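Engineer: Mind looking over this structure? Questions follow.
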Amino acid sequence: MAPNDPIGAPPSRALLTIDRISVSYGQVSALKNASVEVFRGEIVVLIGANGAGKTTLLETALGTHTPSTGSIRFKGKAIEGVPVDRNVRNGICLVPEGRGVFASMTVLDNLLLGAHHNIRNADKHLRRVYEWFPILQKRRDQIARTLSGGERQMLAIGRALMSSPELVMVDEPSIGLAPIVVNDIFNILRMLNREGYTILLSEQNANKALRCAHRGYVLETGTVTLSGTADQLLNDPGVREAYLGA
Amino acid sequence: MEVFIAQVINGLALGSIYVLLVTGFNLLLLVAMIIHFAYPQVVVFSMYIIWLVLGLTGNNLLLGALAGIASSILLNLISAPLFQKVMEKRAEVDINTTMVLSMGIGMIITDVLSHGFNKGHPIAFPETLAGGEAILRVGLISVLPGQVFSLVVGVVAVSSFFLLLYKTRPGRAFRAIAEDPNGARLVGIPLLRTGLESYALSGLLGGIIALLLSVLLGSASPGLGEQVAHKVLAVSIIAGLGNLVGGLVVGLFLGILEAIVQGYISGTWSNVIAFVVMLVIILAKPNGLFGLKL
Amino acid sequence: MPLPLYYFLTITAVNLLMSWALYLPYRMGHLHFIVVANMAISGYTAAFMVLSLQLPFWLALLAGFLLGALVGYIVALFIGDAPTFAVVIVGFTFIYITRTVIENTSAVGGTMGLFGLPNVGGSPAAHRWTILAILYGLVFLVGFLIHRFDRSQLGRAASAVFIDKDLTASLGIDIKKMGILLQTFSCTLAGGCGVLYGFIYKSFHLDYFTFHVIGILMTVIFVGGYTTLWGTVLAAPVLYGVPLLFPPEIASWRIVIYGALLILVLVLKPEGFITTRFVHTIGSYWSRKRRQPTLPNRRKENL
């Protein structure tokens, strides 16, 4: 059941605009003239196979890579070349693929790391994260390594929320998780979206992702080959064959 | 029995200095991601600065201590860009190059000390530093106030450091980078600035170590840096590179071992025995007793 | 021949040979500093054999090589595949222990050292020529061997270990065996060098075998270049000879200059001055000059 229109007044311009960026690792081109837009209050999903460039796109938006061509605008301002920590402070965050929690540190320490740049308000954010994820409060003194896959994903999301972001980027949230847990995670993302967070996620599991998103883009070998509303993509025969197959 | 107790106190004082050295070394290894062979030489250089300032100010201990700490921090911060430059050059960070670079730094420091200070003769710290009257005296062994001071400050410094590491914001950032530099970057931790902070912090530790060594040993020589360096490096290998708690255990063990042997056999041989024990352990387990972190 | 020239030629040869002793294990990433201890152990043993046991020089020299091989082999059994860091510490520790043992053993002169070694070959002149001959014979022999090694399958495998040890191991290459081979060879060479070094001066003293030696050898290898043996060939005589031209006040700061050079090279040109690419360029330029101007089917060198 695809959610309705974006919450709140439609903005005059996008929260995040990625305009024809190209990124290469040495000789290997990872992204070529890729363009993606995310408006406030939306859930946008990037679909594509392994190696299509989804992670590169998210990381470039975060600031880990600098595009060789094209531009990225966040809240109206250009951010190509801006270092990651500054972008995080400005309201972008990334929940990396494979959870990316610090396995040897406690749940609480992991969460506090998320608030590294805003430690004064950490208590407030911590309370909110504990409300949404009571299991994290229960396990707050446990070493992250002892958490289950689903709990680690929650921890990673919770940590991202500690920086009170405006845009939450999630890289492959369903990877390595059991189907039931994947449902939980997507429910969480939907809940966060209702609370006001804009979400940009990448997924190989196109089916579940498109059912909870507003719009989507299809990435193939570094270029955007298709874009549209979630419904359009779900019903597109090409997408069905390539990504929604049995 | 009293000899034993006295030497255990000495051993703990010496051991806590080793622990501080290993910790400073590990900090640079984990957060700045360099191997700094010459870290103990930086410490010895600071001892010379302390000696110099003490001589110039009529044994003003506070000024001497501050000068030692300042010189240690400064030397570290100056060498930071060199290390950074060397690391950039490689596609993957080749930590061995930082090792060689630090050896170059060590060469320079040791030779400068041999040439520029006191004409290369060993320097002696004023006896008032260690405290005149012995607190505890058993035969030829005595425990001076200076040694107790060294032990107390050492313990306080080590505990404070671990407290910082596990209970504060900068400590969290250090641990995050130590575990996963890429993950830390994605969370928005500024790698470069935090790396520099670790240079400064281990510089601070180095200055404290210099002060404690001055009190405990009462003298220094250009060769002291190398000797201490080899012991500290051996300790960090045995404990496992980057293993902070392991460093704590092994450092204390070495200090106590040395002191006890010193209590019963003459000085040079205690060193050799310590080295032989460490050599055997390293040969048996080149990856460290508790496993390699790198 | 004039004495300064004799010393320059002999010491340069020793520096070169010892640099090669370090160069070889470093092809696979090991900084095998124990070679300095090997010099001391073999050197002092040989001196003891000649002075106290009245044994001939040649026997002592052979013993020096063999002792180096023995020590090197036994230690390599433990650290043949250890991480570089461990190899370095083992080296340092060995040097320290060796020095302390020698210091406290009066039979080998303790801190005073051993003096008055006899001339090899009867006269001082014959002695000098003999030592020179042995040293440069070794230079050509070892240089040839290393040259062949670098171009062999084994040399390529060593470079692979240098770049990525785990990947190379997964290709089925026995790292420990390679380590044992290289380390044993380098310690054997170092043992012989230690004996010869003392016989250059006809005396042995602890000052010959200090940690400074490590500094000098490192500078030669890294400034010259550690990916090909020509780097050390160039750097050893230059780095040793040039400071000799300076007035003593500056020359006494040699170690600081070496340290600064080492740092400079690492920051600016980490592979050293003479790299494999440089050698190939020179080599192909050289062979091009010797052939016809038009050569349509010259095989392209794969750099």
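Engineer: Of the DSSP beta bridges with both residues in chain A, give the percent that are antiparallel, rounding to the nearest 5.
Structural biologist: 55
Engineer: Moving on to the next point. What net charge do the residues around C:R99 carry, taking every other residue with its C-beta under 12 Å from that of C:R99, with Lys and Arg at +1 and Asp and Glu at -1?
Structural biologist: Working: positive: none; negative: B:E226, C:E103, C:D207.
Here the count lands on -3.
Engineer: Sequence gap at least 6, Cα distance under 8 Å: using those rules, report the relative contact order of region A:167-246 to the nearest whole percent.
Structural biologist: 26
Engineer: Express the relative contact order of region C:24-181 as a whole percentage, based on alpha carbon pairs under 8 Å and six or more residues apart in sequence.
Structural biologist: 33 percent.
Engineer: Hey, can you list the residues from region B:101-117 whose accessible area shrinks by 50 Å² or more with all protein chains present, relative to the chain by itself (probe 1.4 Å, no ligands or nucleic acids)?
Structural biologist: Buried by 50 Å² or more upon assembly, which counts only protein chains, are B:M103, B:M107, B:I108, B:D111, B:H115.
Engineer: So, in nm, how far is label C:L141 from label B:I265 when the simple model puts each one 7 Å beyond its Cα toward the Cβ?
Structural biologist: 3.9
Engineer: Now, a different point. Rounded to the nearest 100 Å², what's the accessible area chains B and C bury against each other, both chains counted, probe 1.4 Å?
Structural biologist: 3800
Engineer: In region B:173-207, which residues have a backbone nitrogen under 14 Å from the label point lying 7 Å from A:V28's Cα in the Cα-to-Cβ direction?
Structural biologist: Answer for region B:173-207: none.
Engineer: Now a separate question. Residues with beta-carbon under 15 Å from that of A:T55, excluding A:T55: net charge, scoring Lys, Arg +1 and Asp, Glu -1?
Structural biologist: -3
Engineer: Let me ask something else. Using a Cα-Cα cut-off of under 22 Å, which lysines could be cross-linked to B:K285, ignoring same-chain neighbours fewer than 8 residues away?
Structural biologist: B:K285 reaches B:K231, B:K293, C:K165, C:K176, C:K177.
Engineer: Continuing with the same structure: Quote the Stokes-Einstein diffusion coefficient, in whole µm² s⁻¹, for chain C, based on the Kirkwood radius over alpha carbon pairs, a temperature of 25 °C and a viscosity of 0.890 mPa s.
Structural biologist: Reported coefficient: 121 µm²/s.
Engineer: Taking only C-alpha pairs under 8 Å that are 6+ residues apart, what is the relative contact order of chain B in percent?
Structural biologist: Here the relative contact order equals 36 percent.
Engineer: Further question: Is the shape of chain B rounded, prolate or oblate, going by the alpha carbon gyration tensor and its root eigenvalues a ≥ b ≥ c, with a/c under 1.5 for rounded and a/b larger than b/c for prolate?
Structural biologist: Working: a/c = 1.67, a/b = 1.39, b/c = 1.21.
Prolate, since a/c reaches 1.5 and a/b exceeds b/c.
Engineer: Now, a different point. With a ≥ b ≥ c the root eigenvalues of the C-alpha gyration tensor of region C:35-173, is it rounded (a/c under 1.5), prolate (a/b larger than b/c) or oblate?
Structural biologist: It comes out oblate by the Cα gyration axes.
Engineer: Please work out the ratio of the alpha-carbon Rg of chain A to 2.2 N^0.38 Å and round it to two decimals.
Structural biologist: With N residues counted in chain A, Rg over 2.2 N^0.38 Å equals 0.97.
Engineer: If you don't mind, there's one more thing I want to ask. Under a 1.4 Å probe, what is the accessible area of region C:222-297 per residue, stated in Å²?
Structural biologist: Accessible area per residue, region C:222-297: 62 Å².
Engineer: Which pairs, out of B:K85/C:K269; A:K32/A:K54; A:K138/A:K208, put more than 19 Å between their alpha-carbon atoms?
Structural biologist: A:K138/A:K208
Engineer: For the protein assembly as shown, what size does the Cα cloud have along each of its three principal axes, sorted from largest down, in whole Å?
Structural biologist: Rounded to whole Å, the extents work out to 103, 89, 44 Å.
Engineer: Identify all aspartates and glutamates with a Cα-Cα distance to A:K124 below 18 Å; exclude those on the same chain that are fewer than 8 residues away in sequence.
Structural biologist: By straight Cα distance, A:K124 reaches A:D109, A:E166, A:E195.
Engineer: Which listed residue (A:L201, A:Y243, A:G48) has the Cα farthest towards the positive end of the charge dipole for chain A, taking +1 on Lys and Arg C-beta and -1 on Asp and Glu C-beta about the Cα centre?
Structural biologist: Working it through, the farthest residue towards the positive pole turns out to be A:L201.
Engineer: What number comes out for accessible area per residue over region B:206-277 if the probe is 1.4 Å? Units Å², please. Can you show the working numbers first?
Structural biologist: Working: 2020 Å² over 72 residues.
Spelled out: the 1.4 Å probe surface of region B:206-277, per residue, equals 28 Å².
Engineer: Could you please state how large a percent of the accessible area of region B:2-284 is carbon and sulfur, counting protein chains only and using a 1.4 Å probe?
Structural biologist: Values: 7190 of 10290 Å².
The C+S portion of the solvent-accessible surface of region B:2-284 is 70 percent.
Engineer: At a 1.4 Å probe, what is the % contribution of carbon and sulfur to the accessible area of region C:3-209?
Structural biologist: Carbon and sulfur atoms account for 70 percent of the accessible area of region C:3-209.
Engineer: Still on this structure, I have one more. How large is log10 of I(q)/I(0) for region B:12-59 at q = 0.17 Å⁻¹ when the intensity is taken from the Debye formula with one equal scatterer per alpha-carbon?
Structural biologist: With no solvent term, the Cα-only Debye profile gives -0.62.
The values are calculated or read from the model by the stated rules, or taken from the named source; none is laboratory data. Only a predicted model underlies this, so the values are computations on that prediction, with no experimental measurement involved. Using ideal geometry, Cβ is built from the backbone for each residue, glycine included, and neighbour counts are taken over all protein chains shown. We work out accessible area using only protein heavy atoms, side chains counted, and drop any ligands, DNA or RNA first. Shrake-Rupley method; radii C 1.70, N 1.55, O 1.52, S 1.80 Å.
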